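Engineer: The following block contains the structure, expressed as structure tokens.
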Amino acid sequence: MSGPLEGVKILELTAVVLGPFACQMLADMGAEVIKVEPPHGDSNRSLGASHTKGMAALYLTCNRNKRSLVLDLKQEAGRNAALELAKNVDVVIHNNRPQTMTKLGLAYEDIKSVNPGVIYCGSYGYGKEGPYGAKGALDDSIQAVSGIAMLQEMVLGEPRYLPTVVADKTTAMAVVFAVTSALYHREKTGVGQEIEVPMFETMVYY
């Protein structure tokens, strides 16, 4: 049985957990996901337990049902190849800082110039218009600044991180919600859009 997102094509420019986990859920729903990795691969390929080099358990739990492609986006040829791919997809998802995507020439306006109806979703640490918009973030730092770690003090007597990447996973589910909503909006109106799903704001809301 085909999934509800059969026929939807997604270009994934993500790494670690947040972006890959979101794109895996979309792939599980039937979307065709093309995951672009740098020449050294997603860092999660070598993080944690592994029976096969480059296929660590955490990587495998975030990247099923995808196609994989190696591109060096810092090189002109890699950027041009990414833009060619972007011409024929419905959604582009990244989890780099917005400033990084602008520097690479792969910001929303760059992608929109070759695919006007694209849905472009960026998910990173902090909203780009806020005072921390240029800062990077990891799951533990977001657990701290959003108050998740502090809540543990109520039961343990001291702040503690939750023993799972709760900020990555929760934000990933918000990405799926946002992207599927944008797909429905485009189905009705024909209009694409840029979406921002920052970890900090998502976890404070959560």
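Engineer: Quick one: compute a quarter of the convex hull surface over the Cα atoms of the range 1-54 and quote it in nm².
Structural biologist: Projected over every direction and averaged, the Cα hull of the range 1-54 covers 4.5 nm².
Engineer: Something else now. Which GluC sites (Glu not before Pro) in the range 60-151 sit in a loop by DSSP (not H, G, I, E or B) and have at most 16 other Cβ atoms within 10 Å of their own Cβ?
Structural biologist: In loop regions of the range 60-151 (DSSP not H, G, I, E or B), the sparsely surrounded GluC sites (Glu not before Pro) are GLU129.
Engineer: Taking the structure as given and computing semi-axes √(5λ) of the Cα gyration tensor in Å, which label from (i) 22, 21, 19; (ii) 38, 21, 13; (iii) 27, 20, 18 fits?
Structural biologist: Calculated semi-axes √(5λ) of the Cα gyration tensor in Å: the matching label is (iii).
Engineer: Something else now. For the pair THR61 and SER43, how long in nm is the line joining their label points, each one 7 Å along Cα→Cβ?
Structural biologist: For the pair THR61/SER43, the computed spacing is 1.9 nm.
Engineer: A further question on this structure: Between ASN96 and residues 5 or more places away or on another chain, which pairs have amide H atoms under 5 Å apart, with H built 1.01 Å from N, and which residues are they?
Structural biologist: SER123
Engineer: Using a Gaussian network model on the chain with a 10 Å cutoff between Cα atoms, which of LEU138, LEU47, LEU106 fluctuates the most?
Structural biologist: Of LEU138, LEU47, LEU106, the most mobile in the Gaussian network model is LEU47.
Engineer: While we're looking at this one, here's another question. Give or take rounding to whole Å, what are the principal axis extents of the alpha carbon atoms in the range 1-110, in descending order?
Structural biologist: Extents along the principal axes, in whole Å: 38, 34, 21.
Engineer: Quick one: ranking VAL176, VAL155, VAL16 by accessible area, 1.4 Å probe, largest first, what do you get? Write out the running numbers ahead of the final one.
Structural biologist: Numbers: VAL176 20, VAL155 115, VAL16 60 Å².
The residues order as VAL155, VAL16, VAL176, largest area first.
Engineer: To continue, here is another question. Rank MET154, ALA167, GLY117 by how far each Cα sits towards the positive end of the charge dipole of the range 62-206 (+1 on Lys, Arg Cβ; -1 on Asp, Glu Cβ) and give me just the farthest.
Structural biologist: My answer, from the dipole projection, is GLY117.
Engineer: Under 13 Å between alpha carbons: how many lysine pairs meet that in the chain, if sequence neighbours fewer than 8 apart on the same chain are excluded?
Structural biologist: 6
Engineer: Here's another thing I want to ask about it. With a 1.4 Å probe and every protein chain kept in, tell me what percent of the accessible surface of the range 81-206 is carbon plus sulfur.
Structural biologist: Carbon with sulfur: 57 percent of the solvent-accessible area.
Engineer: Need the full-extension length gain, ASN88 to GLU109, defined as separation in residues times 0.36 nm minus the C-alpha distance. One decimal, nm. Could you put the intermediate results ahead of the total?
Structural biologist: Values: separation 21, 0.36 × 21 = 7.56 nm, distance 1.59 nm.
Length gained between ASN88 and GLU109: 6.0 nm.
Engineer: Now a separate question. Might you tell me the accessible area per residue for the chain, computed with a 1.4 Å probe and given in Å²?
Structural biologist: Numbers: 11000 Å² over 206 residues.
Ligands and nucleic acids excluded, the figure is 53 Å² per residue.
Engineer: Considering only C-alpha atoms, what is the centroid distance from the range 77-98 to the range 9-55, in Å?
Structural biologist: First find each Cα centre; the distance between them is then 15 Å.
Engineer: Right, next: At a 10 angstrom cut-off on C-beta neighbours, averaged per residue, how do the peptides 166-175, 193-202 rank from highest to lowest? Let's see the in-between values first.
Structural biologist: Numbers: 166-175: 22.4, 193-202: 20.5.
Most protected by this proxy first, the peptides run 166-175, 193-202.
Engineer: Could you work out the relative contact order of the chain, using alpha carbon pairs under 8 angstrom and six or more residues apart, expressed as a whole percent? Please report the intermediate quantities before stating the final value.
Structural biologist: Details: 379 pairs, mean separation 41.8, N = 206.
Answer for the chain is 20 percent.
Engineer: Would you compute the Debye intensity of the range 93-167 from its alpha-carbon atoms alone, equal scatterers and no solvent, and pass along log10 I(q)/I(0) at q = 0.21, 0.22, 0.26 Å⁻¹ to two decimals?
Structural biologist: -0.91, -0.95, -1.13
Engineer: With springs only between Cα atoms under 10 Å, which of PRO20, PRO163, PRO116 fluctuates most in a Gaussian network model of the chain?
Structural biologist: Comparing PRO20, PRO163, PRO116 in a Gaussian network model of the chain, the most mobile one is PRO163.
The values are calculated or read from the model by the stated rules, or taken from the named source; none is laboratory data. Only a predicted model underlies this, so the values are computations on that prediction, with no experimental measurement involved. As a convention, Cβ positions derive from the backbone with ideal geometry for all residues, glycine included, and neighbour counts pool all protein chains shown. With ligands, DNA and RNA removed, areas are computed over all heavy atoms of the protein, side chains included. Shrake-Rupley method; radii C 1.70, N 1.55, O 1.52, S 1.80 Å.
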